[in-house]
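Below is one structure, written out as structure tokens; the observations come after it.
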Amino acid sequence: MSPAMGQHLRIRAMIYVAGEPVPFFWPMRSFIHHNPLHGLEHLPFAEAVDKGAKLFHARPFLPRSQYQAYLSDGRLDKAALISQLQSFACSREPLPGIDLASWALTLLQATEEPLIPLHMPPQPEQVYAALQGQPVNISTDALSSQVIPQLRSGLLKGLPLYESLDALYGTSIGEELDELVIRACLDFFDEGQSVWVMPDRQEGFFNAWRKVAGGPVQALLKQIESSQSSPERGLTPEQVIDHVMRALEVPEEQWVDYFTREIVHLHGWSGYIRWRSNSSRYYWADRYPGDLVDLLAIRLTLAWMLIRQHANGQRPNTARALEQLIESRPEETYLRSEFYSGQVLPCMVQRVDRCLSTGHPQAVHKTFHDYLFARQSDQAQRLAHALSELAGKSGQQDGFKRLDAAGLARLIQALTDLEAGEGMLWLRAMESRALDQLLDGISLDAAEPREKRPFVQAAFCIDTRSERIRRHLESVGDYQTYGIAGFFGVPVSLMELGKGSEMHLCPVLLTPKNLVLEMSSSVRTDEAAVTTLERAMHKLKESVLSPFVTVEAIGLLFGFDMIGKTVAPDIYNRWRKHLHTHKPNTHLLLDKLSREQADSIVRAVQRAVIVEAAEQELGMAPEAITDDMVKELREAALGNADWDPGLAADMNLDDAKLTKFVLRLRTAYRINTPFARMQLEQLARIGYSQEEQVGFVRQALSSIGLTEGFSRFVLLVGHGSSSENNPYESALDCGACGGNHGLVNARLLAQMANKASVRRRLAEHSIRIPDDAWFIPALHNTTTDEITLHDLELLPTSHLVYLDRLRNGLTSAARLCA
Amino acid sequence: MSLTLYLIAGLFLPLFPLSMLFNQMFARLRHPWLRVLLLLAWPQIGVLLLSQAAAPVPDWFAGWALLSAAFYAYRAIALREVGLWIGYIATSAWALLWIGVVEPGLHHLLALGFSLPLAFTALLTGFLEQRLGAAHTALGGGMAIAAPRFAGLFVVAVLAAVATPLFPNFFSLLATLLSPASLSPLFGLGLMLIWLLWTWSGIRLLQGIVVGSPVRNGLQDLSMTATWVYSAGFVGLLLIGINMGGVLL
């Protein structure tokens, strides 16, 4: 292995490790809830939260005032809080005259803001002097010795250089960089939404971006390329990363941390890229590959360019130069970091501003010392005052007054430790209350035996949005509801009617192996006028020039739409619904195909393709193409037999043209044996075997405890939502169905459970579903709380008389939710 | 003798570098009401002095005034402290009183028109200084979240200070623009540029104070009573402005 290859692999490995804390992020059409701490699950919870907060710039706990409000509302277990505080007090050395648990409780209950400043807190002896009413003795020389280590740890360790520069000069390189990277990501990861797409995407993220990047970036990349030992081989993203990191003079032992900070800057995109590059059989990823290495190469190149532009020869543009700045001008650097952090002492803000503007060394030196003195003195006085107040509130003034300097230092340290970990204390107290409420609500008594079975049993998704309608449904009549995962335990890949791609309807972590086709027996009708008009509108919007005139020409129409939706949404939407093409009733191909059926389907498809090809290529009328012709053409294309000499004449072609047509059928229309074999393999994925169906129904019913006493109606209620112009629409749909509606899964399970053969096999497992029990799929629209029943055409006639009652019950429950 | 009088007036209707006196004084005064007093009284002294002069103001004073106004308007863009910004905008505005010299009675009104919105802004800024210790963008923005009532009023105050239409200083600026001295395209363009610079600096200030996430927690917002009082004050300013427009134009 060459040294260069070794370095490439090292960089790849480092980036792999650096990207581990970033959880996967699925595409927006599967926009489901995910655990932001997923990548940190190996850590204890408190540590993971702490690290996650730092990485993702998050606030891990609520403000203290919010917890205090919860405490007064009774949403927090005070006894649990006190018990934790007592444990905390017991773990510390006792302080004479001080009840630490009581102090801690008073601090958490009666003080809204944290007591101890996190940043350079005052020394206990200074606080002691302030408490005694003595002048606070502050040695700014001693404090200034703390400044360099503090600046080094704050600005150098694992922090991207531009973040440090932003913190010291008030620039916004980070924001600028994020915008540029987002633009690159939007261009590359487009999935067919754009009309003008980024060229050469098949070459990978970095290479495609490189070709369209602006002049300054090109110049930088050329510079990197010319510095390589063999520039003729082209530039790889690893080489770019290596070069930029060395140019920025970041020590190699800090690279992993540095990469992590860079990756988490846009953790949504990074998580998506991680998911995309790890997912197998994802069409867009296979076609246009891109991974975190590409992302980092782009990000680092852009960052380097921006740093150089902003540095302009006057500011540090490498980590080494920044380190030297800290060493050589710590006072100015400290004042800068204070000033641009927003935490600068208000009474000195103008002076610091002025001295940083002039940059005069003597003014900086004097301002620095005065600033430190003022800051420490102010903090010591504030803390002394706050501690006195706290002592008064906790009724321990006497004990507090008797504390000596050492005792006060221990008390301050204890309170510092308490505030550092208070988030977990509040959280545990809240969990304790939640646990109590849950346990109080659980009855261990056996349910009273029912005289008769319920009118309806309904299984809903365990989503919180289903809770309300379940309660209301149970209150309006003899309904019994169950909670189940919204995909009803049936992972499926659906080929929807009229669509050419598969949709995974299951939790995003699963990859379904079974494919179900949605078919319709209805006659194909023309599109409704409004649907056509809408499609035309979208085409106009996609064009580059047409939006300029479209807005003026027909923009007013949207006004009517807006007024209708705002003033009378119900009536208007109902009216609009009529204008659209209705989706016909469909069937789901549930059962596995036999070999004969699969062969027959392939043959049928091939025949249809040949007819289409003859129409398109030869301009033949459909009625002129006979079954015999198609059969002969098919056999010829597959190479099974030669065609009849009379075929060319029948088709009004000469032999050469016919030969050419057959060849075209083989190549362009893929009527050939290998492709037919592949089609057969694909068809083998369609549907579920009998065993699978029995297994799914058994698993679903057993998991919710519904194994006997089946009602006449068993509703399987999937859920979904309706919204307009909402890119995050899938976030409102069923997470267990990969951010889609749950109806298809409900239909599948219902279809399986209604099959007599499945029921017979279930009876062998002691699940006896009576003949009059019927599973009906339904969709709960969580936007309107409307429940719509589906596949009613399959309902036995004996059940029709009860349908009105069922519908009334569902409508009542929906109304009660309003 | 008149020239000496004009130079003394140049301290009160500030012309650079005589303007430094006012700005030094304004920066040292921390009490909002004293600032209000200074903002209202200072230009009136200048106008009074001008009215005492026997000879007409030399033409080159108008050029000097325009350059002074432009200089302070430009410098205001870089300012981050609200008090100083008010001082600079006041200096820039009052310098224009050399250009828009009208009859003595109206000249006082013209000066008052420039001062009134700034006085209101100074009064409101007192709230921020009282709560935070200073009114500086380096103390972190996010007032729209931390103190929404104050933030709303502050936006109106800054808009008023930069001569947004219907506020008194807008009509003062318009009267200046329509005065004989401004009829030359150079002066007209200069005045428009100065107005643009005021607005630019005001927006930068709003970005620094109002927009963003609050850095300091626990800031107490303006009371409802104070909010109503200030709101009524701004409505009053608008009414004064409309009335003033009728008198001046």
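Computed from the coordinates by the stated procedures, all read-outs in this text should not be read as laboratory data. In this text, all values refer to a predicted model and were calculated from it rather than measured experimentally. Because the Cβ atoms are built from the backbone with ideal geometry, glycine has one as well, and the counts that use them run over all protein chains shown.
Potential lengthening of the chain between A:A58 and A:E249 amounts to 65.9 nm, from the contour at 0.36 nm per residue minus the alpha-carbon distance. The distance between label points at A:R471 and A:A608 comes to 5.0 nm (points 7 Å beyond Cα on the Cα→Cβ vector). One equal scatterer on each Cα of chain A, no solvent, Debye formula: the resulting log10 I(q)/I(0) at q = 0.06, 0.07 Å⁻¹ is -0.63, -0.83.
Between B:Q52 and A:R354, the modelled labels are 3.2 nm apart [label points 7 Å from Cα along Cα→Cβ].
The alpha carbons of the range A:187-302 occupy a box of 39, 30, 22 Å along the principal axes, longest dimension given first. Applying 1/(1 + (r/R0)^6) with r as the Cβ-Cβ distance of A:K211 and A:E175 and R0 = 25 angstrom yields a FRET efficiency of 0.45. Are any of the pairs A:K54/A:K393; A:K211/A:K499; A:K513/A:K631; A:K499/A:K592 more than 30 Å apart by Cα-Cα distance, and if so, which? The pairs that break the limit, which is 30 Å between Cα atoms, are A:K54/A:K393; A:K211/A:K499; A:K513/A:K631. With the helix formula -39500 (n - 2.57) applied to DSSP H stretches of n ≥ 4, the protein assembly as shown reaches a computed 222 nm mean residue ellipticity of -20000 deg cm²/dmol. For the range B:23-157, taking Cα atoms only, Rg and Dmax work out to 16.4, 56 Å respectively. Put simply, the range A:430-476 fits an ellipsoid with semi-axes of 25, 18, 8 Å; these come from the alpha carbon gyration tensor as the roots of five times its eigenvalues, largest first.
Sequence-distant contacts, meaning Cα pairs under 8 Å at least 6 residues apart, place the relative contact order of chain A at 16 percent.
Whole-Hz Karplus values for the range A:250-261 come out as 8, x, 4, 5, 9, 4, 4, 4, 4, 4, 4, 4 Hz, taken residue by residue from phi with 6.51 cos²θ - 1.76 cosθ + 1.60 and θ = phi - 60°; glycine and proline positions read x.
Karplus-based coupling profile of the range A:105-116, in residue order and whole Hz: 5, 5, 4, 6, 8, 10, 10, 7, 9, x, 7, 8, with θ = phi - 60° in 6.51 cos²θ - 1.76 cosθ + 1.60 and x standing for Gly or Pro.
Note on the range B:71-146: Cα-only Rg and Dmax are 15.0, 47 Å.
Would you mind getting me the FRET efficiency between A:V801 and B:M25? Use the beta-carbon distance for r and R0 = 60 Å, nearest 0.05. Efficiency, rounded to the nearest 0.05: 0.05.
What ranking do A:V195, A:V605, A:V127 get, fewest neighbouring Cβ atoms within 10 angstrom at the top?
The order, fewest Cβ neighbours first, is A:V195, A:V605, A:V127.
When chain B is treated as a GNM with alpha-carbon contacts under 10 Å, the residue of B:L106, B:L186, B:L238 showing the greatest mean-square fluctuation is B:L186. For A:D591, the residues whose amide H sits under 5 Å from its own are A:Y688, ignoring neighbours fewer than 5 places away on the same chain, with H placed 1.01 Å from N. Farthest toward the positive end of the dipole of the range A:197-239, out of A:S226, A:G214, A:G204, is the Cα of A:G214, where the dipole comes from beta carbon charges about the Cα centre. Annotation: amide H-H contacts under 5 Å for A:F775 (H modelled 1.01 Å from N, sequence separation of 5 or more, or interchain): A:V714.
Taking the number of Cβ atoms within 10 Å of each Cβ as an exposure proxy, the fewest-first ranking of B:W42, A:W196, A:W284, B:W198 is A:W196, A:W284, B:W42, B:W198. Using the Cβ of A:M678 as centre and a radius below 12 Å, the other residues enclosed give a net charge of +2, where K and R count +1 and D and E count -1. Give me the base-10 log of I(q)/I(0) for the range A:704-809 at each q in 0.18, 0.19, 0.21 Å⁻¹, Debye formula, one uniform scatterer per Cα, rounded to two decimals. So the normalised log intensities work out to -0.93, -0.99, -1.12. Model label points for A:R233 and B:L3, set 7 angstrom from Cα along the Cα-to-Cβ axis, are 8.0 nm apart. Within the range A:1-95, the ratio Rg/Rh, alpha carbon atoms throughout and Rh by Kirkwood, equals 1.19. Using Cβ point charges alone (K and R +1, D and E -1), the dipole size of chain A about the Cα centre works out to roughly 340 debye. With the convex hull of the Cα atoms taken as the outline of the range A:778-818, the averaged projected area works out to 2.8 nm².
Round to a whole angstrom and tell me the spacing of the C-alpha centers of the range B:64-120 and the range A:23-70. Computed from Cα coordinates, the inter-centre distance equals 52 Å. Near A:G483, the amide H atoms lying under 5 Å from its own belong to A:F460; only residues 5 or more places off or on other chains count, and H is placed 1.01 Å from N.
The mean sequence distance of close C-alpha pairs (under 8 Å, at least 6 residues apart), as a share of the length of chain B, puts its relative contact order at 24 percent. Comparing A:A458, A:S341, A:F560 along the charge dipole axis of chain A, the residue lying farthest to the positive side is A:A458, per the Cβ-charge model.
Taking the Cβ of A:S723 as the centre, find all other residues whose Cβ is under 12 Å away and add up their charges (Lys, Arg: +1; Asp, Glu: -1).
Around A:S723, the surrounding residues sum to -2.
Taken over the C-alpha atoms, the range B:164-237 has Rg and Dmax values of 17.7, 53 angstrom. Take the Cα of A:R320, go 7 Å toward its beta carbon, and the backbone nitrogen atoms of the range A:236-262 under 15 Å from that spot belong to A:243-253. Evaluated over the Cα positions of the range A:242-323, the convex hull gives a direction-averaged projected area, one quarter of its surface, of 6.2 nm².
Positive contributions from Lys and Arg (+1) and negative ones from Asp and Glu (-1), summed over other residues with Cβ under 13 Å from the Cβ of A:A303, come out at -4.
With both bridge residues required to lie in chain A, what share of the DSSP beta bridges run antiparallel, to the nearest 5%?
35 percent
Taking only the alpha-carbon positions of chain B and ignoring solvent, what does the Debye formula give for the base-10 log of I(q)/I(0) at q = 0.08, 0.10 Å⁻¹? Here log10 of I(q) over I(0) equals -0.29, -0.45.
Would you look at the GNM of chain B, springs on alpha carbons closer than 10 Å, and say which of B:L15, B:L191, B:L29 moves the most? With Cα springs under 10 Å in chain B, the top fluctuation among B:L15, B:L191, B:L29 is at B:L29.
Applying a 4.7 Å Cβ-Cβ cutoff to chain A leaves A:C90, A:C185, A:C347, A:C355, A:C461, A:C506, A:C817 as cysteine residues with no disulfide-compatible partner.
In terms of overall dimensions, the C-alpha atoms belonging to the range B:31-74 reach 37, 31, 7 Å along their principal axes, ordered largest to smallest. Ranked for footprinting exposure by Cβ neighbours inside 10 Å, fewest first, B:S172, A:S702, A:S226 give A:S226, A:S702, B:S172. Across peptide A:350-356, the average count of Cβ atoms from other chains found within 10 Å of a residue's Cβ is 3. For the range B:85-128, the extents of the C-alpha atoms along the principal axes are 39, 17, 8 Å, listed from largest to smallest.
Can you give the FRET efficiency for A:Q309 and A:Y728, using 1/(1 + (r/R0)^6), R0 = 45 Å, r = Cβ-Cβ distance, to the nearest 0.05? Given R0 = 45 Å and the Cβ-Cβ separation, E is 0.80.
Diagonalising the gyration tensor over the Cα atoms of the range A:143-219 and scaling each eigenvalue by 5 before taking the square root yields semi-axes of 38, 12, 11 Å, largest first.
Karplus-derived 3J(HN,Hα) values for the range A:365-380, using 6.51 cos²θ - 1.76 cosθ + 1.60 with θ = phi - 60°, are 4, 5, 4, 4, 5, 5, 5, 4, 4, 4, 5, 5, 5, 4, 5, 5 Hz; glycine and proline are entered as x.
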